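Have a look at the structure below before the remarks.
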Amino acid sequence: MSVDIRIATRQSELAMWQANYVKGRLHEAYPEASIEIIGMTTEGDRNQHASLAGIGGKGLFVKELELALVQDRADIAVHSMKDVPALLPDGLEIAAICERDDPRDAFVSKLYKSLDDMPSQSRLGSSSLRRRLQVKHHYPEFTYLDLRGNVNTRLRKLDEGEYDAIILAVAGLKRLRRDDRITHSIDSTVSIPSAGQGAVGIECRCDDDSMKAVLETIDHEPTRHSVFCERRVSSALGATCNLPIGVFAEINGGKMRLSAFVSDLEGDQFLRDSIEGSVREGMDLAGRLSDRLMADGARELIDAAGAHSS
């Protein structure tokens, strides 16, 4: 079968790893395929000085790639699913998600073994409000600082002494073969991951049936089911605004535990809840968890955050 595929991706080292990983998986299924990787620089990459929340959130990393799909300059776009907003542009869909890597957050430090080991006023850096505010709830005595740049830039800033410790994604460090820098993996009871964290997703045009059939060959159904359940909660919690939101589906046998965190922008008010049931009823669990969070005041947090950022 002759297949021509143009892959849109960010040009960061981690994004290129993801694109090449997808390219390799597609070549396994279609050895004769002609596959081109088209690297792009997004607004999220260009603006390395402002906080992500302040300039529009993680969706800035995918907008240019989606425009390339809409304009037929690419056939698929490869994303880290944690960067993909819950609401996609009309005419586009996530057609496949590869098997998930470790979704946890990583504590990285040359000075301390874990969060418990750090003294008061230690400087902890992260680009993610979700990470900072959840960890701050457990460790209010630290000084929390914003951290931007690609993975290697963040590690360099740590090594140069700008921070005592930083928090990154375990999966990203592993993919860049920097897992030797993982001092400690933070349990999800402390920091619930972003929806889709650790999973690589592939977006394409809804009307491109031939491409969707190709992508089926590399789709990992258990991961896709988990991530779609997480994204249903994110969508219900208003993931189009810049709220710190974490949603994580853990599967153990035929059971699923779905946990969520939502906070205001300062971390003064937050909600955390979880629900358990069978894997088969995962989307129903997501709906019920969303309803519970809304009943407990998530809407007020969402509205307050929207008013604060407008």
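The values are calculated or read from the model by the stated rules, or taken from the named source; none is laboratory data. If you're wondering where the values come from, they're calculated on a predicted model, not measured in any experiment. Positions of Cβ are generated from backbone atoms using ideal geometry, with glycine treated the same way; all protein chains shown enter the neighbour counts. Areas reflect the complete protein model, heavy atoms only, side chains present, ligands, DNA and RNA absent. Shrake-Rupley method; radii C 1.70, N 1.55, O 1.52, S 1.80 Å.
The listed residues are Arg231, Arg177, Arg224, and the only one of them that is assigned to a loop (DSSP other than H, G, I, E, B), open to solvent by 10 Å² or more (accessible area, probe 1.4 Å) and among the basic types (Lys, Arg) turns out to be Arg177. If the condition is being under 23 Å from the mean Cα position of the chain (by Cα) and farther than 10 Å from Val233 by Cα, then the stretch 293-302 contributes Met294, Ala298, Arg299, Leu301, Ile302. Would the stretch 31-45 turn up any residue that is modelled with pLDDT under 95, in contact with a helix residue (DSSP H, G or I) (Cβ under 9 Å, 6 or more places away or on another chain), open to solvent by 60 Å² or more (accessible area, probe 1.4 Å) and of a type outside the set (D, E, K, R)? The answer is yes; a qualifying residue exists. Of the residues making up the stretch 1-14, those that are modelled with pLDDT of 95 or more and open to solvent by less than 30 Å² (accessible area, probe 1.4 Å) are Ile5, Ile7, Ala8, Thr9. Scanning the stretch 251-292 for residues that are over 22 Å from the mean Cα position of the chain (by Cα) and of a type in the set (Lys, Arg), we see that the one that is nearest to Arg132 (Cα to Cα) is Arg292. Looking only at the stretch 180-193, residues that are open to solvent by 10 Å² or more (accessible area, probe 1.4 Å), more than 22 Å from Leu111 (Cβ to Cβ) and not β-branched (Val, Ile, Thr) come to 1 in all.
The residue list Leu111, Leu145 contains one member that is closer than 25 Å to Leu265 by Cα and hydrophobic (A, V, I, L, M, F, W, C), which is Leu145.
Yes/no matrix, rows are residues, columns are (1) at pLDDT 95 or above; (2) crowded, with 16+ Cβ neighbours inside 10 Å:
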| site | (1), (2) |
| --- | --- |
| Asp117 | yes, no |
| Gly149 | no, no |
| Leu155 | yes, yes |
| Ala165 | yes, yes |
| Leu168 | yes, yes |
| Val200 | yes, yes |
| Glu203 | yes, yes |
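For the stretch 125-152, residues that are over 24 Å from Asp273 (Cα atoms) and more than 19 Å from the chain's Cα centre (by Cα) total 5.
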